Structures are given as C-alpha cells and as structure tokens.
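Here's the structure we're looking at; comments come further down.
The values are calculated or read from the model by the stated rules, or taken from the named source; none is laboratory data. Worth saying up front: this structure is predicted, and the values here are computed from it rather than measured. Positions of Cβ are backbone-derived with ideal geometry, glycine not excepted, and every protein chain shown enters the neighbour counts.
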Amino acid sequence: MPSPQKAKGSSYERECAAMLTELYGETFIRAPGSGAYVGGTNSKRKQFLHEGQIRAFKGDIVPGPSFPLMNAECKSYKDFPWHLLLSKECLQLEAWLEQLLDAADPGDFNILMMKFNRKGSYVVVEQKHYGTLNLPTNYINYTSPKYGSWLIFESKTFWSLNADTVKTLCKSPL
C-alpha cells in the first residue's frame, strides 16, 4: 500500500491528466510508475527507446499525441514556502525545477503544475515564453540561481488564457 503522500501525489497527477484530456480532447495519462525514468543520470536510456517510450517515461504526464514536446511534472503538497520566492532561492521549488529539467530535451515545453492544501493550484513555466503567453494581471516572476527565470500563474487563469498557446508550443517543429 502506498504512503499517504504518494497516494496524494498520484491522485493529483491523475487530476492533471484528466484536466488536460478534457481541455484538449485527446488522452493524457499519468506516467507509469510516475517519475522520470529517462531523466537525470538515466538520460542514457533514451538512446535505446523509441519516441513513444520516451514520452511515456518522461515526467509525470504522458501527453496526448499532438503534444510531443510537453514535459510536465505535478506536485501536490500540504503547504509551500511562498515567502522564500522573494529570497535568494526557494529550495523546494529549486528541487522541483531540477526534477523537471532533468527529464527535458532541447525544445521541450517544460511545465510544473502545483497544488497546495487550501491555497489553490498553480502553473510554473519558463520565462522564455513571456512574449508568447497571454499574461493575466497577476503572476510571480521567480529567478532561480541555477535554472533561470520562471513565471508562476494561478492554474485556471493560466489555462483559460493559454490553452491554444501551450498546444502550439508543444508541437514538433516541421
């Protein structure tokens, strides 16, 4: 039987996959075993896998067929140290960004989806997409000492403004 924390994380991964499935009308699923089987020191495994296998083992969500460049991580926690976003670095967010980027390939659209008890759901994307995204009135710009600049949005607002843009950013260039 999985720990309560693992069950909570798995549940949120399924919730994110279901939301994306409904939003885009194609199937997104929680990655088998959830986690970057091909990330970090395991990246060498990519040379022995075909594209479908790599997509299934990258990140927490296996994206629909129209999203070959999506790399998504999902985190559901009791709380988050928001105040540390204003300090030199937020170690919790740094660890999640490292995990996200460990599995990433060049050209991927990297997205971190986060949910916190009684605080809501949020989306984190690289600031390099600033000029492409439709920005809400409120968002947070976080600069990581190791991973560059990132934008943090409230989830529902982000998706309502950027569903089409995300789909475009996740397509393979021809």
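Which one of these is in contact with a Ser or Thr (Cβ under 9 Å, 6 or more places away or on another chain), basic (Lys, Arg) and part of a helix (DSSP H, G or I): Lys115, Lys167?
Only one candidate passes the filter, namely Lys167.
When you scan segment 104-111, do you find a residue that is in contact with a Leu (Cβ under 8 Å, 6 or more places away or on another chain), over 25 Å from Thr27 (Cα atoms) and buried (at least 18 other Cβ atoms within 10 Å of the Cβ), even just one?
no
When you look at Leu133, is it under 15 Å from Tyr24 (Cβ atoms) and at pLDDT 95 or above, yes or no?
Working: under 15 Å from Tyr24 (Cβ atoms): no; at pLDDT 95 or above: yes.
Against the criterion (under 15 Å from Tyr24 (Cβ atoms) and at pLDDT 95 or above), Leu133 does not qualify.
I'm trying to understand the selection: among the residues of segment 133-159, which are surrounded by 12 or more Cβ atoms within 10 Å (Cβ to Cβ), among the polar types (S, T, N, Q) and not in a loop (DSSP other than H, G, I, E, B)?
Step one: filter segment 133-159 for residues surrounded by 12 or more Cβ atoms within 10 Å (Cβ to Cβ), giving 133-136, 139-140, 142-144, 147-159.
Imposing the further condition that a residue be among the polar types (S, T, N, Q) reduces the set to 134, 143-144, 149, 155, 157.
Once the filter is applied, which keeps residues that are surrounded by 12 or more Cβ atoms within 10 Å (Cβ to Cβ), among the polar types (S, T, N, Q) and not in a loop (DSSP other than H, G, I, E, B), segment 133-159 yields Thr143, Ser144, Ser149, Ser155, Thr157.
Where the second residue is of a type in the set (Lys, Arg) and surrounded by 14 or more Cβ atoms within 10 Å (Cβ to Cβ) and the first is touching a residue at least 60 places away in the same chain (Cβ under 8 Å) and more than 15 Å from Phe116 (Cβ to Cβ) and lies in segment 11-24, which pairs have Cβ atoms under 6 Å and are six or more apart or on separate chains?
Glu13/Arg30
Can you name the residue in segment 116-132 that is of a type outside the set (S, T, N, Q) and surrounded by 15 or more Cβ atoms within 10 Å (Cβ to Cβ) and is also farthest from Trp96 (Cα to Cα) among such residues?
His129
Within segment 73-84, can one find any residue that is in contact with a helix residue (DSSP H, G or I) (Cβ under 7 Å, 6 or more places away or on another chain) and part of a loop (DSSP other than H, G, I, E, B)?
Scanning segment 73-84 turns up at least one residue that is in contact with a helix residue (DSSP H, G or I) (Cβ under 7 Å, 6 or more places away or on another chain) and part of a loop (DSSP other than H, G, I, E, B).
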